[in-house]
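Below: the structure, in structure tokens.
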Amino acid sequence: GPKVNDFASRPSSMTKNKTRFNSRNDTFPPPSQRSTRRRSKQLIYGYCRTVQRLYHDGFSLYTRRSICIRRSLAWRRRGEDLEYRIKELEKSLGSTMEKSASERKGRVKAQQALREALAQTESHDLHSTIYPMRPIGTIQSCFSTRNGTPRQPLLVSLARACLIFDPALVPPASLEGLEDYSHCWILYVFHLNTDIEKLWRKPSQSKLKAKVRVPRLNGERKGVFATRSPHRPCPIGLTVAKVEAIQKDKVLLSGVDLVDGTPVLDIKPYLPYSDSIQGASVPNWVKEDCSLAVASVSFSDTFSSSITTCWKLIEKKSLYGSADELKGLITQVLSWDIRSMSQRNKPQDTSAAEIVYHLVLEGLDVSYMIDNESNILVQDVSLPQNLQDVAES
């Protein structure tokens, strides 16, 4: 045929390329199919990541759950151990309480038996019964000796003392509330009695003095239980004092009639509604208040300088604040005739009027004289050379 037809019948290069491209359709899909596959891969990848994350989360959750289970088991075991220990403690507590209750019953029975035995004791065997009492404190008083100590409380308002308690027996909390009372009772021991050793150590050899001399009756005798004599079958004294202040284990008192070093057995608050008895009667000889009062108390010219000198030596340890207070104490103490019965009944002549008496207050020796009209002249005050010799004079 003609060449044109031959050329037309031959495939051109574009036709070949197109044929080649169409023959590779399986390898290179159209764009729509490629985007679909890409999305599928992304979905598969996301699914795998999700499955991996879920697996990891599940494993961690399982681990946490196992840890919680182990911990709960451990706490359960601890709780069981605590319950067991609590039961054991309850058992031991119950047994201890039963034991203490039985011991208490035994003590009560023993005390009842002891009281019954004491009640059945005959009168001649009373001396064999002993009730031990231990002093709870000691008095630090302005009265160094028995001589000059007031015969009754509250007669000398400036008489001061300090009650020092034993901390092993009296804790400070025992004194709480005592400051609300103005006065208190004090039970003490007459420790300076000359027959106290024989009375306690050899009671069978000590004889009771049924009657004692009464200073208000100029030596007339009365029954010991009708007086307040310190010489008693049981040398226990009772006095009342004003409560000035409380300092930890100390009680400051005033108006006392106690000697320095007096052992104290007990103190009790003073209650006016029960301790003060309206209409109480006493013998006539007790009502004579002025029987032992002196006419006057005066001081020598050199006394002021002497007490000023002595005050500088005892100022730090004294219960008083100045030398004037100490002088007031001397005046109040000597306002009563503190001499013994033998000294007062001694015949008063010219030589006897010159007798010098001594009084020890706050550790100082006070010398004085008294005339026939009961006028006292305080001569001097000094530091005592021998306290025992001064007390005897």
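The values are calculated or read from the model by the stated rules, or taken from the named source; none is laboratory data. None of the values given here were measured: they were computed from a predicted structure. A quick note on method: Cβ atoms are made from the backbone with ideal geometry, for glycine too, and the neighbour counts reach across all protein chains shown. All accessible areas refer to the heavy atoms of the entire protein, side chains included, with ligands and DNA or RNA removed. Shrake-Rupley method; radii C 1.70, N 1.55, O 1.52, S 1.80 Å.
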Long pairs among Lys222/Lys287; Lys242/Lys287; Lys268/Lys316, criterion Cα-Cα beyond 20 Å: Lys242/Lys287; Lys268/Lys316
Neighbourhood charge, 11 Å Cβ-Cβ cut-off, centred on Pro230 and excluding it, Lys, Arg +1 and Asp, Glu -1: +2
Net charge of Cβ neighbours under 14 Å - reference Val251; Lys, Arg +1; Asp, Glu -1: -2
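Can you give the net charge of the other residues whose Cβ lies under 10 Å from the Cβ of Phe303, counting K and R as +1 and D and E as -1? Walk me through the numbers on the way to the answer.
On the way: positive: Lys327; negative: Asp301, Asp380.
That works out to -1.
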Exposure of Lys99 as accessible area (Å², to 10), given a probe of 1.4 Å and all protein chains: 130 Å²
Zero-based 10 Å bins, Cα pair distances in the stretch 291-374, whole percents: 15, 47, 27, 10, 0
Accessible area per residue, Å², the stretch 62-118 with all protein chains present, probe 1.4 Å: 97 Å²
Square roots of 5 times each gyration tensor eigenvalue, C-alpha, the stretch 62-118, largest first, Å: 54, 5, 4
Per-residue HN-Hα couplings for the stretch 60-77 [Karplus 6.51, -1.76, 1.60; θ = phi - 60°; Hz; x = Gly/Pro]: 5, 5, 5, 4, 5, 5, 5, 5, 4, 5, 4, 5, 4, 5, 5, 5, 5, 5
Built amide H within the under 5 Å cut-off of Gly237, gap 5+: Tyr188, Val189, Phe190
Protection proxy ranking of 77-88, 134-145 - average other beta-carbon atoms within 10 Å, highest first: 134-145, 77-88
